[in-house]
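Read the figures in this text as sums done on the coordinates, not as results from a lab. Since the structure is predicted, the reported quantities are computational estimates derived from the model, not experimental observations. Cβ coordinates were reconstructed from backbone atoms using ideal geometry, including for glycine residues, and neighbour counts include every protein chain displayed.
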Amino acid sequence: MDKKFVVVRKDNSISTPMSRKEAVNKVKEYENQGISAYIVSENEGKRIEASGKFNTPKWE
């Protein structure tokens, strides 16, 4: 069973499940467009979709 990931954009849009490699490439595409996006597990993506809340990571 391959683990699937989703990409969550800053505007809370969530991609369909994809492989890790595909998710990394998608985030790189968004970065080139100046869009903030994060990779999360498929399960975390479902939680975010249900709650509508994504807690943006804070890097200190």
Problem - Those residues of segment 44-60 which are in a helix (DSSP H, G or I) and either surrounded by fewer than 11 Cβ atoms within 10 Å (Cβ to Cβ) or in contact (Cβ under 8 Å) with a residue 60 or more places away in the chain (or both), in sequence order - result: 50, 51
Exercise for the section: Look at residue 19 and say whether it is farther than 15 Å from residue 57 by Cβ, more than 9 Å from the chain's Cα centre (by Cα) and either loosely packed, with under 15 Cβ neighbours inside 10 Å or free of Cβ contacts under 8 Å to residues at least 40 places away in the same chain (or both). Expected result: yes
Completion exercise
Inside segment 13-60, the number of residues satisfying the requirement of being touching a strand residue (DSSP E or B) at 6+ places or on another chain (Cβ under 8 Å), of a type in the set (D, E, K, R) and more than 19 Å from residue 3 (Cβ to Cβ) is 1
Exercise for the section: Take segment 1-16 and flag every residue that is within 8 Å of the chain's Cα centre (by Cα) and among the polar types (S, T, N, Q). Expected result: 15
Practice task
Say whether the condition of being of a type in the set (Gly, Ala, Ser) and surrounded by fewer than 10 Cβ atoms within 10 Å (Cβ to Cβ) is met by at least one residue in segment 30-41.
Solution key: yes
